[in-house]
Amino acid sequence: MYDFAYHKPSSVADAVKLLAADPDAKAVSGGHTLIPALKHRLNKPTSLVDLSGIAEMKGIRREGNAIVIGALTKHEAVATSAEVKAAIPVLAFVAKHIGDTQVRNRGTLGGSVANNDPAADYPAAVLGLGATVHTSKRKVAADEFFLGMFTTALEADEILTAISFPIPEKAGYAKMRNPASRYVMAGAFVSKGPMGVRVAINGAGPCVFRQAAMEAALSANWSADAVAAIMQDADGLNSDIHGSAEYRAHLVTVMAKRAVLAAG
């Protein structure tokens, strides 16, 4: 690692001030991506702003027809929340199947979404439910938040503070994991509810994206058969030693069918 200053603010306002004062500062919560990058000298921040002490960014609550989850809420807390299980059970399912026990007890919702790893599970849930991302400055619709690989609409001095998930009529998620790393090769999150019918695909491309053809088919006929014949275009999808773009395109259809079946 390189040398860096360390700060642990107790409020969002203080954290924002620290980030605004140092353009090379980095915010950290669970640290699952940033800490390994520091160890391998792939990132060189002048200071780290540890968000873990900000109480206002933690917790789960219901507000009307939505579940609001603080950005610093751990995966395990989402997976075991009675509130989440009652309102959006698939969200608890998603959290329960992230990484392993150690990861779920350290990683945070906000860290995962702000990092926007192509293989992350939470971005699919955020986009698939049409959630709203709350930041220290504003509210951002899911469709406007994810911009590209490891890239979001967050500005340098802006912090993701919470996410509001609309409660759907039904929703399901399915993913194909790499047998070695367990990272998602292709996943599909489907939902039907106040935000309409939505299908979000993760793992297959550089960034989570919506599958419009499947959304149209499910709007007309909510069934696994409705998406069975829809083939994802392989152009622009990820391709590596673990699977070609064409293989991932095939997985998109398979996972979408499974997600619809899981949703009921």
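If you check G59 against the conditions, is it modelled with pLDDT of 95 or more and under 18 Å from I167 (Cβ atoms)? Against the criterion (modelled with pLDDT of 95 or more and under 18 Å from I167 (Cβ atoms)), G59 qualifies.
Looking across K17, K44, K26, one residue alone is in a strand (DSSP E or B) and either touching an Asp or Glu at 6+ places or on another chain (Cβ under 9 Å) or surrounded by 17 or more Cβ atoms within 10 Å (Cβ to Cβ) (or both). It is K26. The single condition among (1) over 25 Å from V12 (Cβ atoms); (2) more than 12 Å from the chain's Cα centre (by Cα) that V94 does not satisfy is (2). Contact map, the stretch 185-202: residues that are closer than 14 Å to V254 by Cβ paired with residues that are surrounded by fewer than 22 Cβ atoms within 10 Å (Cβ to Cβ) and charged (D, E, K, R), Cβ distance under 8 Å, separation 6+ or inter-chain. Pairs shown: M185/R177; A188/R258; V199/R210; V199/E215; I201/R210.
Considered as a group, the residues in the stretch 98-109 that are of a type in the set (A, V, I, L, M) and within 12 Å of the chain's Cα centre (by Cα) include one that is nearest to S181 (Cα to Cα), and that residue is I98. Restricting to the stretch 189-204, give me the number of residues that are surrounded by 22 or more Cβ atoms within 10 Å (Cβ to Cβ) and either at negative phi or hydroxyl-bearing (S, T, Y) (or both). The qualifying residues number 9.
Among the residues of the stretch 189-234, write down those that are among the charged types (D, E, K, R) and not in a strand (DSSP E or B). Lay out the reasoning, then the answer.
Going residue by residue through the stretch 189-234, those that are among the charged types (D, E, K, R) are 192, 198, 210, 215, 225, 233.
Across the stretch 189-234, the qualifying residues are E215, D225, D233.
No other residue among S112, S81 is surrounded by 17 or more Cβ atoms within 10 Å (Cβ to Cβ), at pLDDT 95 or above, within 15 Å of the chain's Cα centre (by Cα) and small (G, A, S) apart from S112.
Quickly run through the stretch 26-39 and pick out the residues that are over 17 Å from G53 (Cα atoms) and over 15 Å from the mean Cα position of the chain (by Cα). Listed by number, the residues that qualify are L34, I35, P36, A37, L38, K39.
Yes or no: F93 under 30 Å from D24 (Cβ atoms) and aromatic (F, W, Y)? Before the answer, list the steps.
Details: under 30 Å from D24 (Cβ atoms): no; aromatic (F, W, Y): yes.
So F93 fails the test.
Going by the structure shown, is A66 under 30 Å from H7 (Cα atoms) and over 13 Å from the mean Cα position of the chain (by Cα)?
Details: under 30 Å from H7 (Cα atoms): no; over 13 Å from the mean Cα position of the chain (by Cα): yes.
For A66, the condition - under 30 Å from H7 (Cα atoms) and over 13 Å from the mean Cα position of the chain (by Cα) - is not met.
Against the test of being in contact (Cβ under 8 Å) with a residue 12 or more places away in the chain and in contact with a helix residue (DSSP H, G or I) (Cβ under 6 Å, 6 or more places away or on another chain), the options H32, H7 yield a single qualifying residue, H7.
This table checks each residue for (1) of a type in the set (G, A, S); (2) farther than 17 Å from A114 by Cα; (3) at pLDDT 95 or above.
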residue: Y6; (1), (2), (3): no, yes, yes
residue: S10; (1), (2), (3): yes, yes, yes
residue: L18; (1), (2), (3): no, yes, yes
residue: K26; (1), (2), (3): no, no, no
residue: L34; (1), (2), (3): no, no, no
residue: L42; (1), (2), (3): no, yes, no
residue: V49; (1), (2), (3): no, no, yes
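Does R177 meet the test of being without any contact (Cβ under 8 Å) to a residue 60 or more places away in the chain and under 22 Å from T33 (Cβ atoms)? I'd like the intermediate steps shown before the answer.
Working: without any contact (Cβ under 8 Å) to a residue 60 or more places away in the chain: yes; under 22 Å from T33 (Cβ atoms): yes.
Answer is yes for this residue.
Scanning the stretch 1-14 for residues that are loosely packed, with under 13 Cβ neighbours inside 10 Å, hydroxyl-bearing (S, T, Y) and in a loop (DSSP other than H, G, I, E, B) turns up Y2, S10.
The values are calculated or read from the model by the stated rules, or taken from the named source; none is laboratory data. Just so it is clear, the model here is predicted, and its values are computed rather than measured. Cβ atoms come from the backbone with ideal geometry, glycine included; neighbour counts cover every protein chain shown.
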